[in-house]
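Student: Encoded as structure tokens, here's the structure I'll be asking about.
The values are calculated or read from the model by the stated rules, or taken from the named source; none is laboratory data. Quick caveat, the model's predicted, so the values are computed rather than measured. Note: ideal-geometry Cβ built from the backbone for every residue, glycine included; neighbour counts use all protein chains shown.
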Amino acid sequence: MAESSALSKSAREYFEEISPFDLYYQLTYMSATAAAGVSRGKVFELARHLPCPPARFFKEIDETVANLRFNYPDAVHMVGERVKTEDVKTFLLRLSDALRSGEPLPGFLERESNVLGDSYGNDYETKLESLKKWTDAYTAVTVSSALIVIMIMVSTMIYSMNPAVMAGMITVAIGGAFAVAWVMLRTSPQEILDVPLAKGSQLQQRARKLSRALIPLGILVCAALIYFLNLDKGWALILFGAFCFPAGFVYARAQAKTEKKDREISDFLRSVGGAATSRGTTLKEAIATLRFDSFPTLKPDIHMLDLRLKAFGKPRLCWDLFGTETGSKLAEQATGVFTEAVGLGGDPERAGNLTSAFAMRTAMLRAKRRGVAATFAWLIIVMHAVMSALMVFLLGILNQFTVRMEAVMKGAGGTAALSTMGLGGMFQFNSAQIQFLSDLVVGMTVMLAFVNAFAVVAAEGSHLIKTLMYSAVLLIISGILILVGPSLVKLVI
């Protein structure tokens, strides 16, 4: 059993994708620790414990040196030769050459960190361009999905269709939209924006608790009202959307604050490092000299950090709590690198500059992605409303058509006349078929709402809990259209 678990873990690590950001983060950490003046062995020992995918290669290097008595240049070269990820492999081979030639490690790592930072930025922007193309493709596929339903509805009005055929067409339509959304998720920049919600900011924790409480409650309430009171489907969609909205909205507020903290953490670390070096004081005393108003979003977190540093004797624990409670993964990573370097005896100003550059570059790239995703989100909301309105409006027209066709068929010779013309199997539209199409439209609308919400979150790179907010908006819009659509049709026809 243990052997099987070890094999599965090994396979998972082997196939785990290492993104340019992972390598950039790893090198920022190593350059900051190396700049503190620690030994070569200490740099590799610290690098192996960083919670980042590339750390496993430095663990292999450290164990090779310790167990097989290799020197570091040969150990780095041996591990680098076996690495499958091209960026990591070329870096390790360059590192091996630098170590063999006697080049100072701090300067080499800082230079490589800057180069890989540029590479990360170029890769990120390339993926953003790809994301723009996929958002256009998703829009086209979603419109096609709605048109398939409209085509089914019109075809059913003329000729009776097999329900299995209709179900197959609907499955293909929804499956195609979801497939494109999944491709968007996989081809867009892979990044983690938040710390685990259970440990993050108060808003993040509240969003997590609301989602766990309201979603099951909403399902139970809506199901009970539909089953026992025969609640109209439109009201059911509005009600369930109302249950989904609070958790998603609270998380959206938390995310907006997290994005601002991502921008401010760079300035904060640079300011603290500069103040500590210029005054020759500790980080605790340097923070006391700062005006917190310069960091409006981080101000409550910095104030809590200041209080903890003055009250407790474990600065590292206080800084760790500060990074986690901001709710920002970037802030947690940058703070961890900064405090590690300073704790090893490094110059606070230099450590602050290194981590500030890392945080600023990352925050600016993510801001570009938000611009792309915001436009896509509004487009999806408008497009969903228009497609739902078309389906509901056409359903209302078909309902009126059914009423008039039934009146014609009741007249003398209606059915016989159709049979005489060889059209006996056509225009046999009735109330049962209208009910079936009504269920079809509602089901399609609901599925598109969830798939559209997933697509928007995939474009943003947000936590999946944010799909609740977009799903709620789309479901409420759909519910309102289902309720008012038939009345509007009657006014027109």
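Student: So which helices (runs of 4 or more DSSP H) are wholly in the range 256-355 and hold at least 2 residues that are of a type in the set (Asp, Glu)? Full working, then the answer.
Tutor: Details: elements: 283-288, 299-311, 315-325, 329-343.
Fully inside the range 256-355 and qualifying: 299-311, 315-325, 329-343.
Student: Could you look through the range 34-75, keep only residues that are among the small types (Gly, Ala, Ser) and farther than 20 Å from Glu340 by Cα, and pick out the one that is surrounded by the most Cβ atoms within 10 Å (Cβ to Cβ)?
Tutor: As a first pass, look at the range 34-75 and keep what is among the small types (Gly, Ala, Ser): 34-37, 39, 41, 47, 55, 66, 75.
Filter once more, keeping what is farther than 20 Å from Glu340 by Cα: 66, 75.
On the way: Ala66: 13, Ala75: 23.
Filtering first and then ranking leaves Ala75.
Student: Only one of Lys260, Lys209, Lys284 is in contact with a Ser or Thr (Cβ under 8 Å, 6 or more places away or on another chain) and either over 30 Å from Ser388 (Cβ atoms) or crowded, with 20+ Cβ neighbours inside 10 Å (or both). Can you tell me which? Before you say what the answer is, go through the steps one by one.
Tutor: On the way: Lys209 fails: in contact with a Ser or Thr (Cβ under 8 Å, 6 or more places away or on another chain); Lys284 fails: in contact with a Ser or Thr (Cβ under 8 Å, 6 or more places away or on another chain).
Going through Lys260, Lys209, Lys284 in turn, the sole match is Lys260.
Student: Could you identify the single residue in Ser145, Ser113, Ser96 that is touching a helix residue (DSSP H, G or I) at 6+ places or on another chain (Cβ under 6 Å), crowded, with 19+ Cβ neighbours inside 10 Å, farther than 30 Å from Leu185 by Cα and polar (S, T, N, Q)? Break it down into steps so the answer makes sense when it comes.
Tutor: Working: Ser145 fails: farther than 30 Å from Leu185 by Cα; Ser113 fails: farther than 30 Å from Leu185 by Cα.
Being touching a helix residue (DSSP H, G or I) at 6+ places or on another chain (Cβ under 6 Å), crowded, with 19+ Cβ neighbours inside 10 Å, farther than 30 Å from Leu185 by Cα and polar (S, T, N, Q) holds for just one of Ser145, Ser113, Ser96, which is Ser96.
Student: Among the listed residues Ile238, Ile192, identify the single one that is outside any helix (DSSP H, G or I) and among the hydrophobic types (A, V, I, L, M, F, W, C). Give the derivation first.
Tutor: Values: Ile238 fails: outside any helix (DSSP H, G or I).
Ile192 is the lone residue from the list that is outside any helix (DSSP H, G or I) and among the hydrophobic types (A, V, I, L, M, F, W, C).
Student: Quick test for you: out of Lys314, Lys368, Lys310, pick the one residue that is under 22 Å from the mean Cα position of the chain (by Cα), basic (Lys, Arg) and surrounded by fewer than 20 Cβ atoms within 10 Å (Cβ to Cβ). Break it down into steps so the answer makes sense when it comes.
Tutor: Values: Lys314 fails: under 22 Å from the mean Cα position of the chain (by Cα); Lys310 fails: under 22 Å from the mean Cα position of the chain (by Cα).
From the options Lys314, Lys368, Lys310, the qualifying one is Lys368.
Student: Still on this structure, please answer the following. When you check Met184 against the structure, is it within 23 Å of Leu440 (Cβ to Cβ) and surrounded by 14 or more Cβ atoms within 10 Å (Cβ to Cβ), yes or no? Give the derivation first.
Tutor: On the way: within 23 Å of Leu440 (Cβ to Cβ): no; surrounded by 14 or more Cβ atoms within 10 Å (Cβ to Cβ): yes.
No: the conditions fail for Met184.
Student: Moving on to the next point. Within the range 138-154, can one find any residue that is aliphatic (A, V, I, L, M), touching a Gly at 6+ places or on another chain (Cβ under 7 Å) and under 30 Å from Ala35 (Cα atoms)?
Tutor: Taking the range 138-154 and keeping what is aliphatic (A, V, I, L, M), we get 140-141, 143, 146-154.
With touching a Gly at 6+ places or on another chain (Cβ under 7 Å) added as a condition, the list becomes 141.
Narrowing the set further to residues that are under 30 Å from Ala35 (Cα atoms) leaves none.
No, every residue in the range 138-154 fails to be aliphatic (A, V, I, L, M), touching a Gly at 6+ places or on another chain (Cβ under 7 Å) and under 30 Å from Ala35 (Cα atoms).
Student: Criterion first (assigned by TED's automatic domain parsing to the domain that holds Ala389, surrounded by fewer than 24 Cβ atoms within 10 Å (Cβ to Cβ) and in a helix (DSSP H, G or I)) does Val446 satisfy it?
Tutor: Details: assigned by TED's automatic domain parsing to the domain that holds Ala389: yes; surrounded by fewer than 24 Cβ atoms within 10 Å (Cβ to Cβ): yes; in a helix (DSSP H, G or I): yes.
Yes, satisfied.
Student: Which residue pairs have Cβ atoms closer than 8 Å, lie 6 or more positions apart in sequence or on different chains, and pair a first residue in the range 368-386 that is touching a residue at least 12 places away in the same chain (Cβ under 8 Å) with a second residue that is of a type in the set (Lys, Arg)?
Tutor: Val372/Lys132
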